[in-house]
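Worksheet for the structure shown next.
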Amino acid sequence: MATIRSALPSDEADWRTLWRGYCDFYGQDLPEAVTQRTWQRILDPDSALMCLVAEQDGRVQGFANCVVHENTWEVQPVCYLEDLFVSPQARGQGLGGALLDWLRNAMRAEGWARLYWMTRRDNARARSLYDRFAQADDYVRYVIQQR
């Protein structure tokens, strides 16, 4: 049975291990400064970024990094699930679903207008989970980056 809770300072080592796995999965080699700043924002109560962790047998096995923000289509805030990852050895045990359930319940309790996320079209394993919660829409993402 997993426990879903907010990330704590003591979770940093486990979160970093999972974060590295997540970045590797998406082929991203982020500078240490980005990882450090992300962790700082996760712990900052004034930041819009929050992190939930899935803890099983005393070890963090998954996380969901989210941003709650205002938007132009509703009067209530919305929650963007930016990153969701479960360690390979803990997959198939319901941790990803437990993180999504927690967020769906928070959406109702906090009055968010919606919870949304995206993934790669070919991420079949994640999409089989996501399809249990919502249907994919037909929006196309465009990205302009400064680097």
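Shown in residue order for segment 23-35 are the 3J(HN,Hα) couplings computed by the Karplus curve 6.51 cos²θ - 1.76 cosθ + 1.60 at θ = phi - 60°: 4, 4, 4, 8, x, 10, 10, 7, x, 4, 4, 5, 4 Hz (x for Gly and Pro).
Under a 5 Å amide H cut-off, with hydrogens placed 1.01 Å from N, ASP83 pairs with ASN65 among residues at least 5 apart or on other chains. Converting phi to 3J(HN,Hα) with the Karplus coefficients 6.51, -1.76 and 1.60 and the offset θ = phi - 60°, segment 59-67 yields 10, 6, 10, x, 8, 9, 9, 9, 10 Hz in sequence order, with x at every glycine or proline. Each of ARG132, ARG127 was scored by other Cβ atoms within 10 Å of its Cβ. Listed from fewest to most, they are ARG132, ARG127. Each listed q (0.12, 0.24 Å⁻¹) maps to a log10 I(q)/I(0) for segment 1-83, found by the Debye formula over equal Cα scatterers with no solvent: -0.38, -1.23. With contributions of -39500 (n - 2.57) from each DSSP H run of at least four residues, the per-residue ellipticity at 222 nm computed over the chain stands at -10500 deg cm²/dmol.
Put in line by how crowded their Cβ is, counting other Cβ atoms within 10 Å and starting with the fewest, ASP11, ASP138, ASP83 read ASP138, ASP83, ASP11. For the pair segment 101-147 and segment 1-75, the centres of their Cα atoms are 16 angstrom apart. Here the Karplus relation 6.51 cos²θ - 1.76 cosθ + 1.60, evaluated at θ = phi - 60°, turns the backbone of segment 38-51 into coupling constants of 4, 5, 4, 5, 4, 7, 7, x, 8, 7, 6, 7, 9, 9 Hz, with x for every Gly and Pro.
Going by neighbour counts of Cβ atoms within 10 Å, the residues VAL34, VAL53, VAL78 line up, fewest first, as VAL34, VAL78, VAL53.
Given +1 on the Cβ of Lys and Arg, -1 on the Cβ of Asp and Glu, and no further charges, what dipole in debye does segment 1-91 carry about its Cα centre, rounded to the nearest 20?
200 debye
Taking only the Cα atoms of the chain, the radius of gyration and Dmax are 15.2, 43 Å.
Every read-out reported here was derived from the displayed coordinates using simple, explicitly stated rules and does not represent laboratory data. Keep in mind it's a predicted model, so treat the numbers as computed, not measured. Counting neighbours? That spans all protein chains shown, and the Cβs are built from the backbone with ideal geometry, glycine included.
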